[in-house]
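K.L.:
One structure is given below, represented as structure tokens, and several questions about it will come after.
A short reminder: the numbers here are calculations on the coordinates, not readings from a lab. Note that the structure is a prediction, hence the values are computed from the model and not measured. Cβ coordinates were reconstructed from backbone atoms using ideal geometry, including for glycine residues, and neighbour counts include every protein chain displayed.
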Amino acid sequence: MAELVAPLTIVTTVDENGRRWGFTASSVTSGSLEPPLLLVGVDRRSSCHAAITSCREFVVNVLGEQHRDLARTFATHGVDRFAGGELGYWPDSDLPCLLDAKAAFRCVSSGTLAVGDHDLLVGSMVATRLNVGGTPLLWYQRDFALPAREAGVVRNPV
């Protein structure tokens, strides 16, 4: 699996008590174009599993190269992932989101599907935010990577 290049994202939500939840995810992909659906792999051992898989709405924040430290924070167990104040809120909602994400997708949860040791969270996209420019942050060979401008090549991990 280390040879499979993946985008890095931070998936966020808020539970019924107003507590914010989020984690770094590389298992995010398009599930359907019509209707637009996203699939998010959530490890059943994750501290966020119950909150993410039972939420009504969530946001998938696509990370840029400037988000390395934030990706590490949201992948670390036992820390307050929101303490740094880098995340704001989706307009007119209490959903946490990364305002300078390459892209952010607001989704309504459409259920889950058990696959191995993960659950696939299915999200119906209801809104998007895009920030043009910058370089996306990737996950490759268990480290951060950036896409090269030459087709088919990935730069050395950063």
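K.L.:
Using modelled backbone amide H atoms (1.01 Å from N, in-plane), which distant-in-sequence or interchain residues come within less than 5 Å of LEU99's amide H?
P.N.:
GLY88
K.L.:
Using R₀ = 25 Å, calculate the FRET efficiency as 1/(1 + (r/R₀)^6) where r is the Cβ-Cβ separation of GLU3 and PHE82; round to 0.05. Show your work: numbers first, answer last.
P.N.:
Numbers: r = 33 Å, r/R0 = 1.31.
About 0.15, to the nearest 0.05.
K.L.:
Measure off 7 Å from each Cα along the Cα-to-Cβ vector at ARG56 and GLU34, then give the distance between these two points in nanometres to one decimal.
P.N.:
Result: 3.0 nm between the two label points.
K.L.:
Once the Cβ-Cβ distance between VAL108 and ASN131 is put in as r, and R0 is 30 Å, what FRET efficiency do you end up with, to the nearest 0.05?
P.N.:
On the way: r = 23 Å, r/R0 = 0.75.
That gives a FRET efficiency of 0.85.
K.L.:
On to the next question. Contour minus end-to-end for ALA148 and ASP69, with contour as 0.36 nm per residue of separation and end-to-end as the Cα-Cα distance? Mind dumping the intermediate values first?
P.N.:
Details: separation 79, 0.36 × 79 = 28.44 nm, distance 2.10 nm.
Once the chain is fully extended between ALA148 and ASP69, it gains 26.3 nm.
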